[in-house]
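The values are calculated or read from the model by the stated rules, or taken from the named source; none is laboratory data. From a predicted model like this one, the values you see are computed outputs, not experimental measurements. We place every Cβ from the backbone using ideal geometry, glycine too, and count neighbours over all the protein chains shown. For the accessible areas, the whole protein counts, side chains as well, though only heavy atoms, and no ligand, DNA or RNA atoms are used. Shrake-Rupley method; radii C 1.70, N 1.55, O 1.52, S 1.80 Å.
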Amino acid sequence: MEQLLKVLERNARLSLEDLAAMTGQSVQQVAKALDEYQQEGVIRGYHALIDWEKVCSDRVQAFIELRVRPKKSHGFDEIATAISQFPEVESVTLMSGGYDLQLVITGHSFQEIALFVAKRLSPMDDVLSTATHFVLRTYKKDGVIYGGEEKDEREWATL
């Protein structure tokens, strides 16, 4: 039923009947699978993909790279769990490469996010360094292309 999950991931508003038709399963099979996926924690929720730039102008998002000191017995789990409790933090992801954790933070201003990093993240004992990258514009997210209606004046004119 991996096909069911892929269809649902693209459009969570489809009816059971539509999901059944698209996957070649019965409505009862789809309903049972969805219930099982929810109970097992495979499906974590149903979300709408919002283009916040069209809704409000005082929303700022940033990606923050953290280098942290893992705990001997818990690895990165303890610090990641502690950071995930902050309401400003939308996501925490363990990464490979030049840093350990990637955070997605949302605030009302660049300063608000900068203060969050300076006053709440950086002082944590196990945080070794931070690097903040502010989102200036979203072109594509979760497979969906944003914008397209507006043309940036700085773009090259087509001849």
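Quick notes on this one:
- Site pair Ser84 and Gln102 shows an inter-label distance of 1.7 nm when each label is modelled 7 Å from Cα along Cα→Cβ.
- When exposed loop sites are taken as chymotrypsin sites (Phe, Trp or Tyr not before Pro) in a DSSP loop with at most 12 other Cβ atoms within 10 Å, the longest stretch of the chain clear of them is 47-138.
- Matching label, Rg and Dmax of the Cα atoms in Å computed from the structure shown, candidates (1) 20.2, 62; (2) 14.8, 43; (3) 18.0, 59: (1)
- Point-to-point label distance, Ser73-Glu17, nm (Cα→Cβ direction, 7 Å offset): 5.7 nm
- Within the accessible area of the chain (1.4 Å probe), percent carbon and sulfur: 51 percent
- With a simple spin-label model that places each label point 7 Å from the Cα along the Cα-to-Cβ direction, the separation between Gln61 and Val27 comes to 3.6 nm.
- Loop-located trypsin sites (Lys or Arg not before Pro) in segment 95-140 (DSSP state not H, G, I, E or B) with no more than 14 neighbouring Cβ atoms inside 10 Å: Arg137.
- Entry note, the chain: relative contact order of 20 percent, from Cα contacts under 8 Å with a spacing of 6+ residues.
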